[in-house]
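Inspection log for the structure reproduced underneath, given as structure tokens.
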Amino acid sequence: MTKRRDIDAVRNLSGDIWNVAVDEYQGGFLKRRDLLKYAALLGLTGFAASQGLGGARAATAAGGTVRVGLGQPTKAIDPVSVTDPASIGVISQVGEYLILDDPKDGLQPKLALSWEANETASRWTFKLRPGVKFHDRRAVTARDVVASFERLVDPASGSSALSAYKGILSKGGAKLVDDETVAFDLDGPNSNFPFYVSSDVYNAVILPADYAGDFEKNFNGTGPFKLESFRPKQGASFVRNEDYWGDKALPDRVEIKFFDDEQAQVLALQAGQLDVIPSTTRLELAIEGNPNFKLLSVQASSHDQVHLRTDQAPFTDKRVRRALALTLDREAIVKGLLKGRAIVGNDTPFAPIFPSADPSVPQRKQDIAEAKRLLGEAGVPNGVEVTLTTERAYDIPDYAVIIQNFARKAGIDIKLNVLPQDAYYGSATFGSSPWLDSVLGITDYGHRGTPDIFLNATLKSSGAWNAAHFNNPAYDALLLDYSKARDLQAQRLVAGKIQTLLLDETPAIISYFSQYSQVVSSKVEGVRFTAISHLLLDRVSFVQA
């Protein structure tokens, strides 16, 4: 009876869309935490907070310096154009978003207090948090928010977010309603739009309306820390922002040091000179069993996508594409390459962590006999030869060798062409990028809280990251249906159709979704982070000896 009363108490908070989610929870199709995450997506932030999301914080003493090791930023640090993990880690000390996509609790209000959509989800309205100030003590208003998003969708701005917003939000779409209200008129209906103004689009930091691209001059944001000093190629330090709108940061300072290589970070951590560094599979093995360190992980939708160019031989025939996908032993890859720190993928961007994913779609498994049969049916019984081009980064070169070895079992002969990251991405435009032009390639994609960006950017016929050159009108039409779906049942129905179509066509292979990890000193508590490289250090405290 208790659960029944709880369910009755939360019904009718936001009409039929919310009640469908409640029904899913009651029927066992939605976990309690996912129900609360969905509440935040609909803008029911007060309800989510009342259920214990993001509200309770342990009482700890303030003080101390958190010492962080990061890689080298790839260029000048600018929220508008940033793409690398080190720069994102730096910016997250001082910059904030309308919404934080917390890996544990879902969408959490930051500079926006609440949000709601119209009936068609083509207009979203956000109420801003009053009393917020930039570090230069100027008040944050709706004018700053509008200018921040207009900057991001302006093709002339150098924004790295253009690919995320393509087909979603165009210049002129962000509009001032009053000093504390902003409306977004979208290019079309999108029921997941709050994710697009959250930390999931890491460029969407709210900056002053008159921002001129000189972020490194003063790192002027709204966050819990403010700039103390910045030394290009060396590092930066930040001190507690005493004027912060929320709970004041516990540490006095954050000190970040840039490193040219991973080994130097490891040595500094082992010497007690650092408290936090990003993790890799090799590093996890090095610290395994060491009581001086702990590994913190969050499950992510991050994945290494194998694209198969559908408009060039040998992958113009979908049977050849499916044959290659069938050679992979996904469970062995997760266990061996990723040491179990991943979940198996099914060749679609619908990671199991997404509530809208349809779990009833059969999981693709290794089947060498079927792969050989498909190759014979496609007229290449003796197999095919192809070059796999990819980047020298993370575990990708090892993954490429694994694919090469599995493919050989079915007669597919893969030659490897592993390039430095800069060379692989080139200009990141079609015609001048090995990433987008290669017949077969592997590309790393960072975490997102919703599959929308992956679905649109990497596989839509007009997608900016469509390395597979996949052009399928039925798929594009399903994307529109998915964006219009207002409740989880409707989303899952369309998702199942998308997943089934992609398994049949196989323009891409996604064999796993990785965890994202940090290695932290055992003397440190309260380190939080997102799977997209944000470091949230305002709740850090130190264990007393």
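The values are calculated or read from the model by the stated rules, or taken from the named source; none is laboratory data. Because the structure is a prediction, the values reported are computed rather than measured. So basically every Cβ, Gly included, is an ideal-geometry build from the backbone, and we count neighbours across all protein chains shown. Side chains are part of the model used for accessible areas, which takes the heavy atoms of the whole protein and leaves out ligands, DNA and RNA. Shrake-Rupley method; radii C 1.70, N 1.55, O 1.52, S 1.80 Å.
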Qualifying residue in the stretch 109-118 (condition: closer than 30 Å to Glu262 by Cβ, of a type in the set (Lys, Arg) and either in a loop (DSSP other than H, G, I, E, B) or touching a strand residue (DSSP E or B) at 6+ places or on another chain (Cβ under 9 Å) (or both)): no
Restricting the stretch 175-214 to residues that are more than 23 Å from the chain's Cα centre (by Cα), open to solvent by less than 10 Å² (accessible area, probe 1.4 Å) and not hydroxyl-bearing (Ser, Thr, Tyr), the residue that is nearest to Asp481 (Cα to Cα): Ala183
Thr316 vs. criteria over 22 Å from Pro103 (Cα atoms), modelled with pLDDT of 90 or more, open to solvent by less than 50 Å² (accessible area, probe 1.4 Å) and of a type in the set (Ser, Thr, Tyr): no
Test set (1) touching a residue at least 40 places away in the same chain (Cβ under 8 Å); (2) assigned to a loop (DSSP other than H, G, I, E, B); (3) in contact with a helix residue (DSSP H, G or I) (Cβ under 8 Å, 6 or more places away or on another chain); (4) not hydrophobic (A, V, I, L, M, F, W, C) - Asn466 fails condition number: (1)
Enumeration of residues in the stretch 414-451 that are at pLDDT below 95 and under 28 Å from Asp102 (Cβ atoms): Asp444, Tyr445, Gly446, His447, Arg448, Gly449, Thr450, Pro451
Failed criterion for Gly411 (all others in (1) open to solvent by 40 Å² or more (accessible area, probe 1.4 Å); (2) at pLDDT 95 or above; (3) at positive phi; (4) not β-branched (Val, Ile, Thr) hold): (1)
From the options Leu536, Leu480, Leu503, Leu488, residue that is within 21 Å of Leu440 (Cβ to Cβ) and touching a residue at least 24 places away in the same chain (Cβ under 8 Å): Leu503
Filtered residues of the stretch 109-133 (kept if buried (at least 18 other Cβ atoms within 10 Å of the Cβ), over 11 Å from Pro194 (Cβ atoms) and touching a helix residue (DSSP H, G or I) at 6+ places or on another chain (Cβ under 8 Å)): Leu111, Leu128
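Quick check: is even one residue across the stretch 294-312 basic (Lys, Arg) and at pLDDT below 90?
For the stretch 294-312, residues basic (Lys, Arg) and at pLDDT below 90: absent.
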Hits in the stretch 70-88 - residues which are outside any loop (DSSP other than H, G, I, E, B) and surrounded by fewer than 24 Cβ atoms within 10 Å (Cβ to Cβ): Gly71, Pro85, Ala86
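Considering each of Tyr399, Tyr425, Tyr445 in turn, give the residue that is under 24 Å from the mean Cα position of the chain (by Cα) and free of Cβ contacts under 8 Å to residues at least 40 places away in the same chain.
None of the others qualify; the one that does is Tyr425.
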Odd one out for Phe454, checked against (1) at pLDDT 90 or above; (2) buried (at least 22 other Cβ atoms within 10 Å of the Cβ); (3) in contact with a helix residue (DSSP H, G or I) (Cβ under 9 Å, 6 or more places away or on another chain): (3)
